[in-house]
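The structure under discussion appears below in the form of structure tokens.
Any read-out appearing in this document is the output of simple, stated calculations on the displayed coordinates, not a laboratory observation. Treat the numbers as computed from the prediction; the structure is a model and nothing was measured.
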Amino acid sequence: MALQTSLRAVPVRDREDNDKYLTFALGREHFALNILCVREILEYEAPTDVPMMPNFVRGIVNLRGAVIPVIDLAVRFGRAASAPTKKTCIVIIETQANGEPQVFGTVVDSVSEVLEIPAAEIEAVPDFGMSLRTDFVQGVGKVNNKFVVILNVDAALSMDEMTSLVTRTAH
């Protein structure tokens with residue numbers, strides 16, 4: 001059973017409502033993605049394994065006839081993979097690489113909600129204390145007196161970087 005959004009990915013600069021974010025959890029940490037890059041949310045089903053992939057690639061899924069790679073964001077961020085639960089989801093994300101759309105599935109422990117985070121409530125990436133590569137982070141949003149890490153999807157899911165990691169793994 002798939003939970004679907006009716007939003008199509010549109011570059012943020014082309015939309016006025018670019019302050020809406022899908023929030024989700026990886027372990028105890030809370031993250032957010034701009035809703036404009038989210039195509040849909042799927043109930044978790046184990047992806048089909050693909051040999052010789054980096055450890056953060058869980059495999060592939062068939063999405064209405066299209067083969068979609070599935071990335072484990074926790075592992076991509078250098079954390080341990082968590083066992084799937086009833087709340088585990090695959091968030092289908094569309095990014096742009098070299099002017100071409102790239103579609104990925106990302107495994108998250110749970111999806112929280114869509115929140116509006118005005119630009120005035122987003123702080124720059126701190127120079128210290130960040131447990132992620134700073135290029136993976138667009139900013140830190142303040143939501144109800146708590147912080148949520150807003151991901152830079154183009155960096156965190158860079159097709160060029162992931163391809164180079166696959167190439168290095170294969171040699």
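Over 20 Å, how big is the tail of the calculated P(r) for the stretch 40-103, in percent of all Cα pairs?
Details: 572 of 2016 pairs.
Counting every Cα pair in the stretch 40-103, those more than 20 Å apart make up 28 percent.
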- Query: Using the alpha carbon gyration tensor of the stretch 16-129, what are the three equivalent-ellipsoid semi-axes (square root of 5 times each eigenvalue), largest first, in whole Å?
  - Reply: 24, 18, 15
